[in-house]
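Below is one structure; the comments refer to it alone.
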């Protein structure tokens, strides 16, 4: 049996490098047998991209890692 869950959120983020920012969004998740099998995120992804660029430029390699796709 599959369930769909929607979560609305707001995050006040202070990265290790760079300025604080606020982001908000919603995630829609499909859950099957207690595990998330699909997630779709709606957020201001440009804010995340800019924060990751600053972190990567300061030497935090995880900020430039390839996306997790599986």
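Which ones in region 9-19 are touching a residue at least 12 places away in the same chain (Cβ under 8 Å) and either in a strand (DSSP E or B) or farther than 22 Å from residue 63 by Cα (or both)?
Result: 9, 10, 11, 13.
So in region 34-66, with the set limited to residues that are part of a loop (DSSP other than H, G, I, E, B) and touching a residue at least 24 places away in the same chain (Cβ under 8 Å), which one is surrounded by the most Cβ atoms within 10 Å (Cβ to Cβ)?
Going through the qualifying residues, I end up with 60.
Which residue is farthest from residue 2 (Cα to Cα), if the candidates are limited to region 20-33 and must be in a strand (DSSP E or B) and free of Cβ contacts under 8 Å to residues at least 24 places away in the same chain?
22
Name the single residue, out of those in region 7-26 being surrounded by fewer than 11 Cβ atoms within 10 Å (Cβ to Cβ) and either in contact with a helix residue (DSSP H, G or I) (Cβ under 6 Å, 6 or more places away or on another chain) or at pLDDT 95 or above (or both), that is nearest to residue 40 (Cα to Cα).
Result: 8.
Residue 69 passes all but one of (1) surrounded by 11 or more Cβ atoms within 10 Å (Cβ to Cβ); (2) outside any helix (DSSP H, G or I); which number fails?
Looking at each condition in turn, residue 69 falls short on (1).
The values are calculated or read from the model by the stated rules, or taken from the named source; none is laboratory data. Just so it is clear, the model here is predicted, and its values are computed rather than measured. For neighbour counting, all protein chains shown are included, and Cβ atoms are generated from backbone atoms with ideal geometry for every residue, glycine included.
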